1. Within segment 116-153, restricting attention to residues that are small (Gly, Ala, Ser) and modelled with pLDDT under 95, which residue is surrounded by the fewest Cβ atoms within 10 Å (Cβ to Cβ)?
2. Determine if segment 208-222 includes at least one residue that is buried (at least 16 other Cβ atoms within 10 Å of the Cβ), more than 19 Å from the chain's Cα centre (by Cα) and outside the structural domain of Leu126 (by TED's automatic domain parsing).
3. For segment 16-72, what are the residues that are touching a Lys or Arg at 6+ places or on another chain (Cβ under 9 Å) and either assigned to a loop (DSSP other than H, G, I, E, B) or on the phi > 0 side of the Ramachandran plot (or both)?
4. Filter segment 83-135 down to residues that are more than 19 Å from Leu153 (Cβ to Cβ), in a helix (DSSP H, G or I) and among the charged types (D, E, K, R), then give me how many there are.
5. Any idea how many residues of segment 257-289 are part of a helix (DSSP H, G or I), of a type outside the set (A, V, I, L, M) and under 16 Å from Trp232 (Cα atoms)?
6. Tally the residues that are of a type outside the set (Phe, Trp, Tyr), under 19 Å from the mean Cα position of the chain (by Cα) and surrounded by 18 or more Cβ atoms within 10 Å (Cβ to Cβ), restricting the search to segment 90-115.
7. Out of Asp63, Asp27, report the one residue that is acidic (Asp, Glu), in contact with a Gly (Cβ under 9 Å, 6 or more places away or on another chain) and either surrounded by fewer than 21 Cβ atoms within 10 Å (Cβ to Cβ) or in the same structural domain as Gly180 (by TED's automatic domain parsing) (or both).
Amino acid sequence: MEDGLRLDRSLLKPGMRLAVAVSGGADSVALLRTLVEAALEIGLVLSVAHMHHGIRGAEADLDAEFVAGLAAELGLMQHRKDVDAVTEAREQRETLEEAGRRLRYGWFRELLDEGAVDAVATAHTLDDQAETVLHRLLRGAWTEGLSGIYPVLKEQRGEIVRPFLGVRRVEIEAWLSHIGQSWREDATNADTAYTRNRLRRELLPVLGTYNPRICEHLANLATLARDEEAYWQRELMRTLPQLLLPGRPVRGGGRAASTDPGEVVLALEVERLPAPVAVRRRILRAAARELGVSLNFEQTERLLAMCGPSGSRRQTLTSALRAERSPRELRLVKTSEPGCDLRE
């Protein structure tokens, strides 16, 4: 057994004030213990961050007590936040998972904005990465979705880092058992009513019978997709301003905004669009995003067809976006009528 688990030390800087998000589960407990061992060598100033979500009753109270005890045992300051995730989920019409994640990350940003810490570390693992990529693949994600969990999230003041993305969950539990460190088990992790739990407990084991390294391959796919996205985003930042035309052309030259105050128009000269379909697809989706609309695959393909010589002249893409084709231009027209949902 190794003395410790692998950390992505490229994410950790000398002098960094790092709050470790600890739920009490194996992954976060292992991250905390590993960072404590590495803190003196790297030069980290550690603290513990625990959120009580207001669910699971006495079990959650015991989780909070366990984390507080672990922080005290290690001589670390603890940040704690109590929230009511059930009420938030109901009021915001979110799932409990969505509400919990929003509340956690909102709190992490508060800690960063207040200057309490320079970064927050979360214990996402290679297994989490594989589950995320598979989940998004099943939902029809684009390349940006297949990028999965990013090692670093840059915030306005500070960062959220994931130093355990290269570590398997089985390694974590074996190491904790080896050093005699206990952890808390969240009973909801076994509840297959949650999609992620079904992926973890049912689908991934089946895929593993076809390829025992399926989790590593899905994590590798995320790395490839992130690098691809980074390249394309740079290219789009360079080329998109040269291609987008505001408003509609007017007689005598120039362009004018729509006379309808509820409309915003962006246009592209079809002849200036690069020929490769991969590039065109990226440009069309980016143009729609400039208007605050996210296009799915079928909508994007309809736009692509409109760029051809026999494409239709008008398409309604979403409740908020339509496309118009003139002899020279493809125009995206966003409406802002009350109640419009600008995202599909």
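The values are calculated or read from the model by the stated rules, or taken from the named source; none is laboratory data. Note that the coordinates shown come from a computational prediction; the quantities given were computed from them, not determined experimentally. Positions of Cβ are generated from backbone atoms using ideal geometry, with glycine treated the same way; all protein chains shown enter the neighbour counts.
1. Gly140
2. No - not one qualifying residue is present in segment 208-222.
3. If the condition is that a residue be touching a Lys or Arg at 6+ places or on another chain (Cβ under 9 Å) and either assigned to a loop (DSSP other than H, G, I, E, B) or on the phi > 0 side of the Ramachandran plot (or both), then Ser23, Gly24, Gly25, Gly43, Leu44, His53 are the ones that fit.
4. The total comes to 4.
5. Here the count works out to 5.
6. 5
7. Of the residues listed, the single one that is acidic (Asp, Glu), in contact with a Gly (Cβ under 9 Å, 6 or more places away or on another chain) and either surrounded by fewer than 21 Cβ atoms within 10 Å (Cβ to Cβ) or in the same structural domain as Gly180 (by TED's automatic domain parsing) (or both) is Asp63.
For every residue, the table says whether it meets (1) in contact (Cβ under 8 Å) with a residue 60 or more places away in the chain; (2) over 21 Å from Arg322 (Cα atoms); (3) of a type in the set (D, E, K, R); (4) touching a Gly at 6+ places or on another chain (Cβ under 8 Å).
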| position | (1), (2), (3), (4) |
| --- | --- |
| Thr192 | no, yes, no, no |
| Leu203 | yes, yes, no, no |
| Pro261 | no, no, no, no |
| Val270 | yes, no, no, no |
| Leu284 | no, no, no, no |
